[in-house]
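For reference, the structure discussed in these notes is given below.
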Amino acid sequence: MLNTKEYYKEFGFSMLLYLIAIFFSVYYLKSNPDSSIKVLVTLLPVIPAILCALAVIRALQKLDELQLKIQILSLSISFMIVGLATFTYGFLENIGYPHIPYVWIFPFMIATWGISSKIISRQYN
């Protein structure tokens, strides 16, 4: 699975950079709401998020065929759950349900990927 020491090191470092970028971004924008670089500072956390994604891709490339099958199936299930949930909720917003910020879609997808991965991998134990 995605649990090699190298993966944890790379992913962990990327997440540390992400946390630093988030705190810096929020602090800077609260202190400088009219800054000319507020778009760049707002998007700063995306850079370490890309590094996290690259760490996951590298780890996926090192999986054996069964582990890769589990991950692809888990990603497909996550894609369908998140896609159908956001699609459905979009219709509910048309009748007055509150808007959910798009920033929550990616964490929702990651969470459903992790949960479905655990469930699917039990079939092969």
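Would a scan of the stretch 29-39 turn up a residue that is closer than 21 Å to THR4 by Cβ and surrounded by fewer than 16 Cβ atoms within 10 Å (Cβ to Cβ)? No, the stretch 29-39 contains no residue that is closer than 21 Å to THR4 by Cβ and surrounded by fewer than 16 Cβ atoms within 10 Å (Cβ to Cβ).
Here GLY83 qualifies as loosely packed, with under 13 Cβ neighbours inside 10 Å, of a type in the set (Gly, Ala, Ser) and on the phi < 0 side of the Ramachandran plot.
Among residues that are under 22 Å from ILE120 (Cβ atoms) and free of Cβ contacts under 8 Å to residues at least 40 places away in the same chain, LYS62 is not included.
In this structure, is LEU92 surrounded by fewer than 12 Cβ atoms within 10 Å (Cβ to Cβ), in a helix (DSSP H, G or I), hydrophobic (A, V, I, L, M, F, W, C) and at pLDDT 95 or above? Answer is yes for this residue. For the stretch 98-113, indicate whether the set of residues that are outside any helix (DSSP H, G or I), at positive phi and not assigned by TED's automatic domain parsing to the domain that holds VAL46 is non-empty. No; the residues of the stretch 98-113 include none that is outside any helix (DSSP H, G or I), at positive phi and not assigned by TED's automatic domain parsing to the domain that holds VAL46.
Within the stretch 27-43, residues that are within 19 Å of VAL103 (Cα to Cα) reach partners that are modelled with pLDDT of 95 or more and of a type in the set (Gly, Ala, Ser) with beta carbons closer than 6 Å, at six or more positions or on different chains, in the pairs VAL41/SER25.
I need the full set of residues from the stretch 42-74 which are assigned to a helix (DSSP H, G or I) and among the basic types (Lys, Arg), in order please. Result: ARG58, LYS69. On inspection, ILE77 does not qualify as surrounded by 10 or more Cβ atoms within 10 Å (Cβ to Cβ), not hydroxyl-bearing (Ser, Thr, Tyr) and not in a helix (DSSP H, G or I).
The values are calculated or read from the model by the stated rules, or taken from the named source; none is laboratory data. None of the values given here were measured: they were computed from a predicted structure. Note that each Cβ is placed from the backbone with ideal geometry, even for glycine, and that neighbours are counted across all protein chains shown.
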